[in-house]
Amino acid sequence: MKKVVLFLISGAIVFTSCVGNPEGQRAETTDSVTEVDAAGTELTVNPSASSIKWLGKKVSGEHYGEVSIKSGTLLVDGGKLTGGNFVVDLNTIDVQDMEGEYKDKLDGHLRSEDFFDVANHPEATFVITSVADGAADGEVVISGNLTMRGVTKNITFNANVTEVTETSARATADFNIARDDWGVSYAGQADDLISKEFNVKIDLVAGN
């Protein structure tokens with residue numbers, strides 16, 4: 001009988017401590033690479049028309065929200081995206097599945113040293129280092145240096161260029177980030193662990 005009870009307890013512990021990652025392809029992460037000047041016409045990113053949505057999971061559920069783009073540019077040449085960059089204002093981290101006191105607490109926790117340490121690192125930046133053709137029309141493979149919490153890593157992910165002219169461009173992407181690579185290593189509660197990856201959905205709109 002004792003063995004049965006111990007087995008059930010052990011099974012419960014394993015169950016409550018396991019958490020899957022959000023749906024999405026994990027971005028390939030390597031050390032940062034040297035940034036190069038890409039050729040093309042520079043288009044200014046429109047922060048109000050652009051968005052970054054995020055989602056993280058834990059054993060007991062998930063949380064999602066947005067964070068605002070502060071500034072950025074996209075480079076286009078010959079009908080193709082050739083480069084670009086953008087800056088994210090981490091002070092705007094906004095949980096959107098909660099309200100009131102609990103929302104305020106989680107907003108604050110995500111901005112704290114446990115997560116993005118916004119007081120010391122108020123911005124995240126992404127600089128494209130290469131753009132390659134994808135498997136289908138409109139698809140590209142983007143690599144770029146992502147800096148968060150003072151750590152810079154190069155990530156590679158698939159994206160879609162839904163519009164590109166010499167005066168306007170739009171690109172979208174949907175991928176996961178392994179947060180430990182940037183020192184975002186807070187594990188969560190012992191019985192409510194947080195996923196090792198979080199998902200981001202990016203929609204960049206630029207034009208002159």
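Looking only at residues in region 9-55 that are of a type in the set (Gly, Ala, Ser) and under 19 Å from Gly65 (Cβ atoms), the one that is modelled with the lowest pLDDT is Gly24. All conditions but one from (1) touching a helix residue (DSSP H, G or I) at 6+ places or on another chain (Cβ under 6 Å); (2) crowded, with 17+ Cβ neighbours inside 10 Å; (3) not small (Gly, Ala, Ser) apply to Thr29; the one that does not is (2). The set of residues from region 150-193 being without any contact (Cβ under 8 Å) to a residue 12 or more places away in the chain, assigned to a strand (DSSP E or B) and not charged (D, E, K, R) comprises just one member, Gln189.
Considering region 32-43, and only residues there that are among the acidic types (Asp, Glu) and not in a strand (DSSP E or B), the residue that is nearest to Thr152 (Cα to Cα) turns out to be Glu35. Look at (1) in contact with a Lys or Arg (Cβ under 9 Å, 6 or more places away or on another chain); (2) among the aromatic types (Phe, Trp, Tyr); (3) farther than 22 Å from Pro47 by Cβ and you find that Phe175 fails only one, number (3). Being closer than 30 Å to Asn208 by Cβ and in a strand (DSSP E or B) is a property that Thr29 lacks.
Of all the listed residues (Asp180, Asp133), the sole one being closer than 27 Å to Glu42 by Cα and either of a type in the set (Asp, Glu) or modelled with pLDDT of 95 or more (or both) is Asp133. Within region 169-177, is there a residue that is modelled with pLDDT of 95 or more and at positive phi? No, the conditions are met nowhere in region 169-177. Among the residues of region 44-94, those identified as assigned to a loop (DSSP other than H, G, I, E, B), touching a strand residue (DSSP E or B) at 6+ places or on another chain (Cβ under 8 Å) and over 30 Å from Asp191 (Cα atoms) are Asn46, Pro47, Ala49, Ser50, Gly79. When Arg149, Arg111, Arg170 are screened for being more than 27 Å from Ala38 (Cα to Cα) and not aliphatic (A, V, I, L, M), only Arg111 passes.
For residues in region 154-195 being among the aliphatic types (A, V, I, L, M) and surrounded by fewer than 16 Cβ atoms within 10 Å (Cβ to Cβ), which is nearest to Ser51 (Cα to Cα)?
Ala187
The values are calculated or read from the model by the stated rules, or taken from the named source; none is laboratory data. Because the structure is predicted, anything quoted here is derived from the model rather than measured. Counting neighbours? That spans all protein chains shown, and the Cβs are built from the backbone with ideal geometry, glycine included.
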